[in-house]
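Remarks on the structure that follows.
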């Protein structure tokens, strides 16, 4: 009964870190109150999970409620679908501080349950939203306003490869040094790019000022609009890196219902190829897009990582009271 | 043989990579928000003692290596092999070849206890305890009363190891030495 170490019940974060956490929440709420962005709450437990190939939802079961049989449900990986339904219903500018859940993600910067700040700005494009993200993050961290670097230039600068022009063979060869020859040549193009991004670009960004990476390849658009710029298919998607830490992911949002449906199908095809469960598209979400999502930009930002940067720690366990092993 | 998935990788775990036994040193989970999950792993190749860095797809697995650390007493050498005996009372003996003992030779003293790493049942390497006690067999004559000056001189120990010692140390004295740094710690009263 007493064989477990006595420290097991204690929080992994210091009480000082938890105080900073509370201050950070105040700061965020003040920031949006001053800009008249409405705070909302949406379900964490819902009937549909995300279809994204590389994001796994935690499954839950809900007992029958009057008029409904037992439900297969999922803990939400982000409040995106629900917040877009609010936008379609005319909610205007909204933000949410919520818990999000991603199965299998655990490391020095990951916990399967984490705090996400997500907000949407009707009438903003990706450039305008980046400006606002920069103000929030850099005011809080007391850092200079971020620079902007497009995905293509980042890879050319830090890897020496053009992600749009390089052949598959060339990308795989470059990854061999990291993953070995056997695995490198089985990887898809985007997986190769992920390796170069996380193994070569991210470390290089540690010694750069805060940096927005913009204009991802269209194949990595997720739910962002795409367009043709200088002859290349790019996504209006951005990420902010501070000291090499990936802090947020934003889009000039896709509002085209047909294209949205096509991306769900494409996601599920890739899930099937990878042997992952199919996630049926959320019809309520698609109906909302059909009804009309206002032209808007949105972004999701990891609050645990923001606090890690504020406190200068490399471990998420230092900023969460009870990470998964102690939860 | 069992295998381990990337999420079971812990520091100290022994696995086979490209046919060689390796000890895992670090395992870092890397995942761009929308991208694929990988584990970036540092391993020590136990054959070459080199540190390797290798990235795996999260969820991939590696075969476990039959590697076991055992406490053994050093007995003697016949010139070709160095013979060790388990300290568990079984008297079981293991001959280690020159490669396995190359790093430990200068600290190897009969009847002392060492950690012998066995791979597929044969000694792969031998690790000395953090501190060993060895006799001085050669050094310049000591200078009595010069304990405060802090000068040093080389001294040769019974195993052939050469360490820097204070000037007052004389032949025949037994010294405690830190095997990790190769530094003199203190004299041992005998």
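The values are calculated or read from the model by the stated rules, or taken from the named source; none is laboratory data. Note that the coordinates shown come from a computational prediction; the quantities given were computed from them, not determined experimentally. Cβ sites come from the backbone with ideal geometry, for glycine too, and all protein chains shown count toward neighbours.
Do the conditions hold for residue A:137, that is, is it within 25 Å of the chain's Cα centre (by Cα) and either more than 14 Å from every other protein chain (Cβ to nearest Cβ) or surrounded by fewer than 17 Cβ atoms within 10 Å (Cβ to Cβ) (or both)? When the stated conditions are applied, residue A:137 passes them.
Which is within 14 Å of chain B (Cβ to nearest Cβ), under 24 Å from residue A:274 (Cα atoms) and outside any loop (DSSP other than H, G, I, E, B), of A:73, A:100, A:60?
Within the list A:73, A:100, A:60, the selection yields A:100.
Comparison of B:11, B:48 shows that the only residue that is within 14 Å of the chain's Cα centre (by Cα) and not assigned by TED's automatic domain parsing to the domain that holds residue B:163 is B:48.
How many residues does the range B:151-190 hold that are under 17 Å from residue B:137 (Cβ atoms) and free of Cβ contacts under 8 Å to residues at least 12 places away in the same chain? Residues meeting the conditions: 1. Whether a residue is in contact (Cβ under 8 Å) with a residue 24 or more places away in the chain and within 14 Å of chain B (Cβ to nearest Cβ) was assessed, and residue A:82 does not pass this test.
Condition check for residue A:165 on (1) in a helix (DSSP H, G or I); (2) more than 23 Å from the chain's Cα centre (by Cα): one failure, at (1). Residues in the range A:179-233 that are surrounded by 19 or more Cβ atoms within 10 Å (Cβ to Cβ), more than 21 Å from the chain's Cα centre (by Cα) and outside any loop (DSSP other than H, G, I, E, B): A:179, A:183, A:184. Which of (1) more than 14 Å from the chain's Cα centre (by Cα); (2) exposed (fewer than 13 other Cβ atoms within 10 Å of the Cβ); (3) more than 30 Å from residue B:186 (Cα to Cα) does residue B:99 not meet, given it meets every other one? For residue B:99, the failing item is (1). Within the range A:217-229, identify whether any single residue is in contact with a helix residue (DSSP H, G or I) (Cβ under 6 Å, 6 or more places away or on another chain), away from chain B (no Cβ under 14 Å) and within 30 Å of residue A:124 (Cβ to Cβ), and answer yes or no. Looking for residues that are in contact with a helix residue (DSSP H, G or I) (Cβ under 6 Å, 6 or more places away or on another chain), away from chain B (no Cβ under 14 Å) and within 30 Å of residue A:124 (Cβ to Cβ), one finds at least one in the range A:217-229, hence yes.
If you go through the range A:234-245 and keep only what is surrounded by 22 or more Cβ atoms within 10 Å (Cβ to Cβ), in contact (Cβ under 8 Å) with a residue 60 or more places away in the chain and farther than 15 Å from residue A:126 by Cβ, you end up with just A:242.
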